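Report on the structure given below.
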Amino acid sequence: MTVVTAERITTAAQALSVATELAAEFAAGAAERDRTRRLPHEELDQLSASGLLAITVPAVYGGADLPPSVVAEVFRILATGDPNIAQVPHSHFVYLNLLRLAGTRAQQREYFGRVLAGARIANAQSERGGATVADISTVLRVQGDRFVVAGTKYYCTGSLFADILAVLTRLDDPQGISGLDSGEYVAFVAALEPGVRIVDDWDALGQRTTGSGTVEFDSVSVSRENVVARAAAVGAPTGYGAFAQLLHAAIDAGIARGALEAAAEFVRTRSRPWFEAEVERAVDDPLVVQRFGELAVSVAAAEATLVVAGAAVDAAVRSSGTTHAEDDTERDDAAQASIAVATAKILADRAANEVSAAIFEVGGTRSAAATHQLDHFWRNARTHTLHDPVRWKYQHIGRAVLHDRPPPLHGVI
């Protein structure tokens, strides 16, 4: 349970300044935390106390109501320091967006208020055993005037640090007993609720300290007031999926920038030049200089497209308003946002993997020594970019260009 007193951030400039300060602090211990898998509980408390986790809370509820473009830049900055910490609140912001789009006034008042006070939300959505990742077997079962949730969720990023779990469930109620339409719902459940068991079993090669373990729900009781239908957010052109993907692209772009800076520092201070270059310093080797130029262009391209994508998501959010009227402008803005984010995600994925691997290419043999811990950049990049395949981003972009076909409405485009 988070026990902090959270500051209030009121402007974009303040948010970016705080993120920059925290990224520098988090970077100092990132490699060692990764090596020993020391979970960043203290660092997450710092993040909560800073007020950054409440920057999207609507102004009517006392928040800064900052746009997606600013949130993405906060994520990118944090990821340059420690992409593990940057990834932890991804679902936190996605589900705050769900509440903004689909929650009742009472639900918004409750959860936005808790987040302003420092509370953290984590996801419990992915499952194993289905034909695809989109298959959800966890059901909401009606029990009197409440519901019961039972099932197991995997890859629950941030769950070990969470106060609230956003549990993706399915309601099948053809008889109409619950009074709700059948479909997908998110149940907001306290992490300490009886019947909830959070397991620290995340053992990936990268992003080791994201707290992405398994969560088991043993007939957990949930009130109707804590259940939100996804349809209003996911089934309409609200930019919901584009916002979620924008933050993933920001993390990858941050990894790329962090890796580039680490590579440059290593070459400046530790590398020796190749003898055929006939120079005294590695930084004067023309082939090393050439390679850094290429890597810098990759990172700059990722960052530039992230800015463009952020502006497109801002426009989609503005046009969706609060009524969700599906006019042509709303549909067009949502489609453009998804395509722009897909483009940014492709370039950020490419830059993160390329630059984090090239550290060893430009650094030379000594850069591979375990004592330097430079491998964590590549492991983090390779692991995080597995989240959703960029090959499908190319498909959606190509269909938009050739067939003028908008991308589908779901949470990962």
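Which one of these is β-branched (Val, Ile, Thr), in the same structural domain as Ala253 (by TED's automatic domain parsing) and within 21 Å of Ser212 (Cα to Cα): Thr371, Thr385, Thr365?
Thr385
List the pairs whose first member sits in the stretch 1-13 and is closer than 16 Å to Arg114 by Cβ, whose second member is modelled with pLDDT of 70 or more and basic (Lys, Arg), and whose Cβ atoms are under 6 Å apart, counting only residues at least 6 apart or on separate chains? Sorted first by the residue in the stretch 1-13, then by its partner, the pairs are Thr2/Arg120.
Any chance the stretch 152-160 includes a residue that's in contact with a Ser or Thr (Cβ under 7 Å, 6 or more places away or on another chain), surrounded by 16 or more Cβ atoms within 10 Å (Cβ to Cβ), under 27 Å from Val412 (Cα atoms) and not assigned by TED's automatic domain parsing to the domain that holds Glu216? Taking every residue of the stretch 152-160 in turn, none turns out to be in contact with a Ser or Thr (Cβ under 7 Å, 6 or more places away or on another chain), surrounded by 16 or more Cβ atoms within 10 Å (Cβ to Cβ), under 27 Å from Val412 (Cα atoms) and not assigned by TED's automatic domain parsing to the domain that holds Glu216.
If the requirement is being more than 17 Å from the chain's Cα centre (by Cα) and within 30 Å of Thr36 (Cα to Cα), which of these qualifies: Arg399, Arg366, Arg405? That would be Arg366, the only listed residue that is more than 17 Å from the chain's Cα centre (by Cα) and within 30 Å of Thr36 (Cα to Cα).
Of the conditions (1) of a type in the set (Lys, Arg); (2) exposed (fewer than 15 other Cβ atoms within 10 Å of the Cβ); (3) touching a Leu at 6+ places or on another chain (Cβ under 8 Å), Arg366 fails just one. Which one is it? The number of the failed condition is (3).
Taking the stretch 161-172 as the range and being surrounded by fewer than 18 Cβ atoms within 10 Å (Cβ to Cβ) and over 18 Å from Asn123 (Cβ atoms) as the test, only Asp172 passes. Do you know which residues across the stretch 176-197 are surrounded by fewer than 21 Cβ atoms within 10 Å (Cβ to Cβ) and outside any loop (DSSP other than H, G, I, E, B)? Selection gives Gly183, Glu184, Ala190, Val196, Arg197.
Summed over the stretch 66-94, the residues that are among the hydroxyl-bearing types (Ser, Thr, Tyr) and surrounded by fewer than 24 Cβ atoms within 10 Å (Cβ to Cβ) give a count of 1.
For Ser319, are the conditions met, namely being in the same structural domain as Thr383 (by TED's automatic domain parsing) and at pLDDT below 95? For Ser319, the condition - in the same structural domain as Thr383 (by TED's automatic domain parsing) and at pLDDT below 95 - is met. Residue count for the stretch 181-212 under the criterion of being within 24 Å of Leu99 (Cα to Cα) and touching a helix residue (DSSP H, G or I) at 6+ places or on another chain (Cβ under 8 Å): the result is 12. Criterion first (over 18 Å from the mean Cα position of the chain (by Cα) and at pLDDT 95 or above) does Gly103 satisfy it? So Gly103 fits the description; yes. For Arg141, the test of being in contact with a strand residue (DSSP E or B) (Cβ under 8 Å, 6 or more places away or on another chain) and either buried (at least 23 other Cβ atoms within 10 Å of the Cβ) or under 29 Å from Ser356 (Cβ atoms) (or both) is failed.
All conditions in (1) at pLDDT 95 or above; (2) farther than 23 Å from Arg281 by Cα hold for Gly363, with the sole exception of (2). If you check Arg379, Arg366, Arg331 for being in a helix (DSSP H, G or I), of a type in the set (Lys, Arg) and closer than 29 Å to Ala233 by Cβ, only one passes: Arg331.
Restricting the search to strands (runs of 3 or more DSSP E) fully inside the stretch 80-175 and requiring at least 1 residues that are within 30 Å of Asp375 (Cβ to Cβ) gives 121-124, 146-156. Reported count of residues in the stretch 49-79, each being aliphatic (A, V, I, L, M) and assigned to a loop (DSSP other than H, G, I, E, B), is 4. The residues on offer are Arg366, Arg391, Arg399, and the sole one that is over 16 Å from Ala242 (Cα atoms) and touching a residue at least 40 places away in the same chain (Cβ under 8 Å) is Arg366.
The values are calculated or read from the model by the stated rules, or taken from the named source; none is laboratory data. Owing to the predicted nature of the structure, the values given are computational and were not obtained by experimental measurement. Please note: Cβ atoms are built from the backbone with ideal geometry, for glycine as well, and neighbour counts cover all protein chains shown.
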